[in-house]
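Note sheet for the following structure.
The values are calculated or read from the model by the stated rules, or taken from the named source; none is laboratory data. Values in this document were obtained by computation on a predicted structure and should not be read as measured data. We place every Cβ from the backbone using ideal geometry, glycine too, and count neighbours over all the protein chains shown. Just the protein is used for accessible areas: all its heavy atoms, side chains included, with ligands, DNA and RNA removed. Shrake-Rupley method; radii C 1.70, N 1.55, O 1.52, S 1.80 Å.
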Amino acid sequence: MSTLAAAWTALETAARDGRATRIEDRFAAEPDRLVRLMVSAAGLSLDLSKQAWSLRGLEAALNLAKAAGLEDARARLFGGEVVNPSEGRPALHMALRAAADADFKAQGKNVMAEVEGVRQRMAAFAGGVRDGKIAAADGKPFTHILHIGIGGSDLGPRLLWDGLKPLKPQIAVRFVANVDGGDFAQAAAELDPARTLVVVVSKTFTTQETLTNAQAARAWLAAAVGEDKVGSHLAAVSTALDKTKAFGISDSRVFGFWDWVGGRYSLWSSVSLSCAVALGWEAFEQFLAGGAAMDTHFRDTPLETNAAVLLALAQVYNRNGLGRGSRSVVPYAYRLRRLPSFLQQLEMESNGKSIALDGTRAAHGTAPVVFGGEGSNVQHAYFQAMHQGTDIVPTEIIAVAATDEGPDGMHAKLLSNALAQAEALMVGREDPPSAPRTFDGDRPSSLILLDRLSPHSLGALIALYEHKTFVEGVVWGINSFDQWGVELGKEMANAILEELEGKASKDHDPSTAALIDRLKN
Ligand code: F6P
């Protein structure tokens, strides 16, 4: 048996044996459990002691990571080697948040001068818009940004904006992603085109949803400020500078990034231009610094105390050792309510794969379903099933220790709910006379604690999840940086559009054919 196969067997055996002991009983049996499973990184604290694993299970998971070549893979990631072989690319999003004098090379070529060049242009643009030197067609300052993008060109900036936006912003960002007239119409009704800067964000600049919305926004602007002045209300972010030019956006208004940045890892780049303008450059720089601090932790910390590694291995243990096919993510922070959506793309687009790097079928289950919502709202929605349902769903709670926002005393109530849920999930309650009131407990959770929600801590949190996702991909032996699974549906949508428009007629399965007929009529 290979070392890797033996490590998988050891993990599965530890998990099977561990089922006999309840999580809460492990604290007495394992005196150093808290020390081993409470870690901190880049200002964040993680409590993984309420997870299902025993310390033996943890050791098995660490051995599995080593056997899967994690340390070597981490070095290749930071070394800018091709870690995305199906597209022949490195994944060097860490360079985007690194100091200008850092040494990041994509396949041997230092990228920092280019990264810093775009950052300086972004900083100048952000400052110019904020102080009114870059103004609307009538010479007055912009008050709104309409950010158009989808997937990685949307979810990260949305999380960033909601996480950090001032209560009364000087410039507010409105996001439109979907090719859904309802979304665009609502945005157009809310915004004054004369005061709005439209930022079109698309790595490829081919995405149907984004280009459709961009055309609509252009027409909406032109009707208000005149075709000749539309350019002063537009900016674009893309790696495809030929396509932004063809769309009619002048080069001085286009901010590039690079093909070694995956869409779902791109919020550190000019993809967050809207946020850099609306939050101010200083806040954006602190956000980058938070991400960079987590990079240093992930790169330099031994696996045993490495926050991203432990968070990933807890998931591997639940997924592969115990067969838990989903995970619930619950930020007890209104400002982080978009985190579950962001993580759905980060984790499920990265690791929702069935084919291993060597082209064989993946031998073990990969990305679980990630879902979640804002605490405490979700306690009044799906948490009944979390506590008493037949399926055990590991939960991840994110909490913020202190805030200046809201009335006195409110935050303590929110925090008490976060802690109570984790405790209740683990300890349960026996109430034999009334069986419906019995809680089995023994349901695992993790808790991630931010001292405060700041640009720095948000950067650290997102980078933590990025590295967690990478670690899981290495253990599962898959390419975390491609996304071929999203292509087939896109192609079929283009074909069906031609049919709905009456331009073509194609063969379909009977169900789809009947639906097309119905919609055409
Ligand atoms: O949904 C597929 C996808 O390719 C994502 O990976 C990407 O983030 C999104 O579409 C948007 O792509 P683009 O930035 O090229 O418009």
What percentage of the solvent-accessible surface of the stretch 176-221, computed with a 1.4 Å probe over protein heavy atoms, is contributed by carbon and sulfur atoms? 53 percent
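Need one number: % antiparallel among DSSP beta bridges in the chain, to the nearest 5.
In the chain, DSSP labels about 30 percent of beta bridges as antiparallel.
Rounded, prolate or oblate for the stretch 321-388? Axes are the square roots of the Cα gyration tensor eigenvalues, ordered a ≥ b ≥ c, and the cut-off for rounded is a/c under 1.5.
The shape class here is oblate.
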Once neighbouring chains are kept in place and the probe is 1.4 Å, which whole percent of the accessible area of the stretch 11-54 is contributed by carbon and sulfur? 53 percent
Which of the listed residues, Val82, Thr296, His456, is farthest toward the dipole's positive end in the chain, when Lys, Arg count +1 and Asp, Glu count -1 at the beta-carbon? His456
Could you sort 399-410, 81-92 so that the peptide with the highest average Cβ count within 10 Å comes first and the rest follow in order? 81-92, 399-410
Determine, for each peptide in 133-141, 49-57, the mean count of other beta carbons within 10 angstrom over its residues, then list the peptides with the highest first. 49-57, 133-141
Would you grab the residues whose amide H sits under 5 Å from the one on Val173? Only those 5+ places off in sequence or on another chain, please, with H modelled 1.01 Å from N. Ile145
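Suppose R0 equals 51 Å. What FRET efficiency, 1/(1 + (r/R0)^6) with r the Cβ-Cβ distance, do Asp358 and Thr438 give to the nearest 0.05?
Working: r = 47 Å, r/R0 = 0.93.
Between Asp358 and Thr438 the formula returns 0.60.
Cα-Cα over 21 Å: which of Lys203/Lys243; Lys66/Lys468; Lys203/Lys490; Lys165/Lys229; Lys133/Lys229?
Numbers: Lys203/Lys243 10 Å; Lys66/Lys468 15 Å; Lys203/Lys490 16 Å; Lys165/Lys229 29 Å; Lys133/Lys229 16 Å.
In this structure, Lys165/Lys229 lie more than 21 Å apart at Cα.
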Relative contact order, percent, of the stretch 375-521 when contacts are C-alpha pairs under 8 Å separated by at least 6 residues? 20 percent
Using a Förster distance of 25 Å, the FRET efficiency for Lys109-Lys245 (Cβ separation, nearest 0.05): 0.55
Give, rounded to the nearest 20 debye, the magnitude of the charge dipole that the chain has about its Cα centre when Lys and Arg contribute +1 at Cβ and Asp and Glu contribute -1 at Cβ. 340 debye
accessible surface per residue for the chain, probe 1.4 Å, DNA/RNA/ligands not counted, whole Å² -> 42 Å²
For the stretch 300-371, size of Cβ-based charge dipole, Lys and Arg +1, Asp and Glu -1, in debye: 400 debye
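List the residue ranges in the chain for DSSP H helices whose C-alpha atoms run 30 angstrom or more along the long axis and whose Kyte-Doolittle average is -1.0 or above.
Numbers: long enough: 455-476 (32 Å, 0.52).
Membrane-span-like by this criterion, though nothing is claimed about a membrane: 455-476.
Determine the order of Lys105, Lys245 by accessible area, beginning with the largest, at a probe radius of 1.4 Å. List each step's numbers first, then the result.
On the way: Lys105 75, Lys245 120 Å².
My answer, sorted largest first, is Lys245, Lys105.
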Which FRET efficiency value, to the nearest 0.05, do you get for Ala513 and Glu491 by plugging their Cβ-Cβ distance into 1/(1 + (r/R0)^6) with R0 = 22 Å? 0.80
Residues whose placed amide H lies under 5 Å from that of Val329, excluding near-sequence neighbours: Phe371, Gly372, Gly373, Glu396
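Sequence gap at least 6, Cα distance under 8 Å: using those rules, report the relative contact order of the chain to the nearest whole percent. Display every interim value, and only then the final one.
Numbers: 908 pairs, mean separation 100.3, N = 521.
Result for the chain is 19 percent.
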In whole Å, what are the extents of the chain along the principal axes defined by its C-alpha atoms, from largest to smallest? 74, 60, 57
Applying the gyration tensor rule to the Cα atoms of the stretch 113-227 (axes a ≥ b ≥ c; rounded if a/c under 1.5, else prolate if a/b exceeds b/c, else oblate), the class is rounded
How much of the accessible area of the stretch 383-521, probe 1.4 Å, is carbon plus sulfur, in whole percent? 55 percent
Given labels modelled 7 Å from the Cα in the Cβ direction, how far is it in nm from Arg19 to Asp228? 7.6 nm
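How far, in nm, would the chain grow between His380 and Ser2 when pulled straight, counting 0.36 nm per residue and subtracting the alpha carbon separation?
Values: separation 378, 0.36 × 378 = 136.08 nm, distance 4.78 nm.
Full-extension gain reported as 131.3 nm.
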In percent, what relative contact order does the stretch 16-86 have, based on Cα pairs under 8 Å that are 6 or more apart in sequence? 22 percent
In whole Hz and in residue order, list the ³J(HN,Hα) couplings for the stretch 339-356 that follow from phi through the Karplus curve 6.51 cos²θ - 1.76 cosθ + 1.60, θ = phi - 60°; x for Gly and Pro. 4, x, 5, 4, 6, 4, 6, 4, 8, 7, 6, 6, 10, x, 10, 10, 10, 7
